[in-house]
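Peer 1: Got a structure for you, questions after.
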Amino acid sequence: MIRCYSDLVKLKTIEERFDYLKVHSRIGEDTFGFDRWLNQELYRTPKWRSTRREVILRDNGNDLGIDGYAIGGVIVVHHMNPISERDIVDKNPEIFDPEYLISCSDLTHKAIHYGDSALLPKKYIPRKPNDTIPWR
């Protein structure tokens, strides 16, 4: 299944988007192994930095692009479809296509790959006067 932003934005909740993106990786499972330098080199290119900026702006710095879930720390731009060494070597244009990318927090990114929905951020609920007084 090819995941894309156009389909993702039709899902309204963070849980629905998480379920759509979950990849079921295993901790310790090699992605690039000894060729990890390839993806690290990719993330230093001007083209990636420009694409990353474009995706973050499109998503308004929100986790999985959902309003009300502002990312307060590091913003990860997640490839919705796993990329391979071959994609990088062949300069597959889909690596830089915002249609296949989404902004997320580091914790949400880890949840997508290795965790479950318990790691997802909770919606901020503004405080109100007297909301901590149990007899009211």
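Peer 1: Could you check the spin-label model distance between R127 and N81? Points 7 Å from the Cα along Cα→Cβ, value in nm.
Peer 2: Roughly 4.7 nm, to one decimal.
Peer 1: For the chain, what does -39500 (n - 2.57) per DSSP helix run (n ≥ 4), summed and divided by total residues, give at 222 nm, in deg cm²/dmol to the nearest 500? Write out the running numbers ahead of the final one.
Peer 2: Values: 6 runs with 46 residues, N = 136.
When only DSSP H runs of four or more count, the value is -9000 deg cm²/dmol.
Peer 1: Given 25 °C and 0.890 mPa s, compute D for segment 35-119 with the Stokes-Einstein relation, Rh being the Kirkwood radius over Cα pairs; round to the nearest whole µm²/s. Could the numbers behind the result be given before it?
Peer 2: Details: Rh = 13.4 Å.
Translational diffusion coefficient: 183 µm²/s.
Peer 1: What ranking of S6, S105 emerges when the number of other C-beta atoms within 10 Å of each C-beta is taken as an exposure proxy, fewest first? Provide the component values of the computation, followed by the final result.
Peer 2: Values: S6 7, S105 22.
Placing the least packed residue first, the sequence is S6, S105.
Peer 1: If I require 24 Å or longer along the helix axis, counting alpha carbons, and a Kyte-Doolittle average no lower than 1.0, what helices from the chain are left? Use full DSSP H segments. Mind showing how you got there, number by number?
Peer 2: Values: long enough: none.
The qualifying helices: there are none.
Peer 1: Search the structure for amide H atoms under 5 Å from the amide H of A70, placed 1.01 Å from N in the peptide plane, and list their residues when 5 or more places away or on another chain.
Peer 2: For A70, the qualifying residues are D63.
Peer 1: What FRET efficiency, computed as 1/(1 + (r/R0)^6) with R0 = 25 Å and r the Cβ-Cβ distance, is obtained for R3 and N92, rounded to the nearest 0.05?
Peer 2: Values: r = 15 Å, r/R0 = 0.62.
E(calc), rounded to 0.05, equals 0.95.
Peer 1: Grab the beta carbon distance between A118 and R58, set R0 = 22 Å, and tell me the FRET efficiency rounded to 0.05.
Peer 2: Values: r = 28 Å, r/R0 = 1.25.
Once rounded, the FRET efficiency stands at 0.20.
Peer 1: Okay, moving on. Could you tell me the center-to-center distance, by alpha carbons, between segment 61-125 and segment 1-22 in angstrom?
Peer 2: When both Cα centres are located, 11 Å separates them.
Peer 1: Next question, about the same structure. Any idea which of G115, L64, L8 is furthest toward the positive side of the dipole for the chain, if Lys and Arg beta-carbons carry +1 and Asp and Glu beta-carbons -1?
Peer 2: Towards the positive end, the residue furthest out is L64.
All of the numbers you see were taken from the coordinates with simple rules; none came from a lab. Owing to the predicted nature of the structure, the values given are computational and were not obtained by experimental measurement. Quick reminder, even Gly has a Cβ in these numbers, built from the backbone with ideal geometry, and neighbours come from all protein chains shown.
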